[in-house]
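To keep things clear, I will list the structure first and then write my remarks on it.
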Amino acid sequence: MIKSTFLNLLIVWSLTVLTSCSSTRDLSRANPEEKLGWKLGSQAYTFRLFTFAEALDKIDSCELRYVEAYPGQIIGAGSQEKMGYGLSESGRKLVKDLLKKKNITLYAFGVVGANTEEEWEKIFQFAKDMEVKVVNVEPAEEHLDIISRLCDKYDIKAALHNHPQPSKYWTPDVVLASLDGRSKRMGAAADVGHWMRSGLDPVACLKQLEGRVFHLHFKDLNTFGDKKAHDVHWGTGKLPLQEVVNELKRQKFSGMLSAEYEYNWQNNKDDVKQSATNLRAIL
């Protein structure tokens, strides 16, 4: 009787372990980026025609678990408040509840700027309250030291974002010069699509910024060196996707890749989903 009971318990335990291992393997196959320390998600600006609540619905349907919020998006779900440091306590609670409901992590916030030191402080306070890991910024040069201090004060990373030329931070040279001598919590928010629009090789830019890439805005474009280029499914345009992936692996990049699909605005959910599928296929 004792042997029989023990055998039954052993069988149940074995089946539980096998099921758990199978589920882990399935998850690993479905989200291979997780093994690399990559957080594949979407910039909410991709769904700027909709509320933040609606954007979360779309991100969830794309099988993504991370979001980068941007300032000014209406929250929705009964609220007309807008995303940003001016969000009330009830508004912040609503956002946190929406994220929890969808099992989506608010990983990054941006791209954001400010006019004064006081305003930058409010941005970092907001980011800390919302448990944001990276604030993506495009500050005036005279505000770089302010941001450096706030990064250390709040233990939050800040990443300089490269809009296309003639934006101040369009080239890695300017980004590196801006980071020199400042907090180690300051780095780059690398937008591979904007580099392409500026005629820059994204792989070469990533190599130049090695060790300082904290965040990525991920795109693939239909043409190279053209500011009017538009998004296409990842792996089908001019982005050397495999080479970019290889370089990020070589650098042991760890952080969020924000899908920022700025095309087909009304119906780009399936474009984002297909792009994520294409990336995961080559991983």
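Listed values, structure above:
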read-out	value
Residues Thr277, Thr105, sorted so that the one with the fewest Cβ neighbours within 10 Å comes first	Thr277, Thr105
The stretch 96-240 - Kirkwood radius from inverse mean 1/r over Cα pairs (Å)	15.9
Of Lys122/Lys157; Lys122/Lys153; Lys35/Lys96, those spanning more than 21 Å from alpha-carbon to alpha-carbon	Lys35/Lys96
The chain: calculated mean residue ellipticity at 222 nm from DSSP helix runs of at least 4, using -39500 (n - 2.57)	-13500 deg cm²/dmol
Share, in percent, of DSSP beta bridges within the chain that are antiparallel, nearest 5	10
Packing-based exposure ordering (other Cβ within 10 Å, fewest first) of His233, His194	His233, His194
Percent RCO, i.e. relative contact order, over the stretch 154-283, from Cα pairs under 8 Å lying at least 6 residues apart	21
Residues His217, His161, His230 arranged by fewest to most Cβ contacts within 10 Å	His230, His161, His217
Set of aspartates and glutamates with alpha-carbon distance to Lys102 below 14 Å, sequence-local pairs under 8 removed	Glu54, Asp57, Asp60, Glu63
Spherically averaged projected area of the stretch 33-282 from its Cα convex hull (nm²)	12.2
Acute angle (nearest 10 degrees) that the helix 89-102 long axis makes with the longest principal axis of the chain, alpha-carbon atoms	50
Net dipole in debye of the stretch 67-152 [+1 Lys, Arg Cβ; -1 Asp, Glu Cβ; about Cα centre; nearest 20]	760
Cβ-defined net charge surrounding Trp265, 11 Å radius [Lys, Arg +1; Asp, Glu -1]	-1
Gyration tensor (Cα) of the stretch 209-283, equivalent ellipsoid semi-axes in angstrom	21, 14, 12
Members of Lys82/Lys128; Lys227/Lys249; Lys58/Lys82 lying beyond 21 Å, as alpha-carbon distances in this model show	Lys227/Lys249
Between 0 and 90°, nearest 10: helix 269-282 axis offset from the chain longest Cα axis	70
Reachable aspartates and glutamates from Lys133, criterion Cα separation under 16 angstrom, eight or more residues apart if same chain	Glu68, Glu121, Asp152, Asp155
About the Cα centre, charge dipole magnitude for the chain (Lys/Arg +1, Asp/Glu -1 at Cβ), debye	1000
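Every number here is computed from the coordinates shown, using simple stated rules; none is lab data. A quick note: this is a predicted structure, and the numbers were derived from the prediction, not measured. Cβ coordinates were reconstructed from backbone atoms using ideal geometry, including for glycine residues, and neighbour counts include every protein chain displayed.
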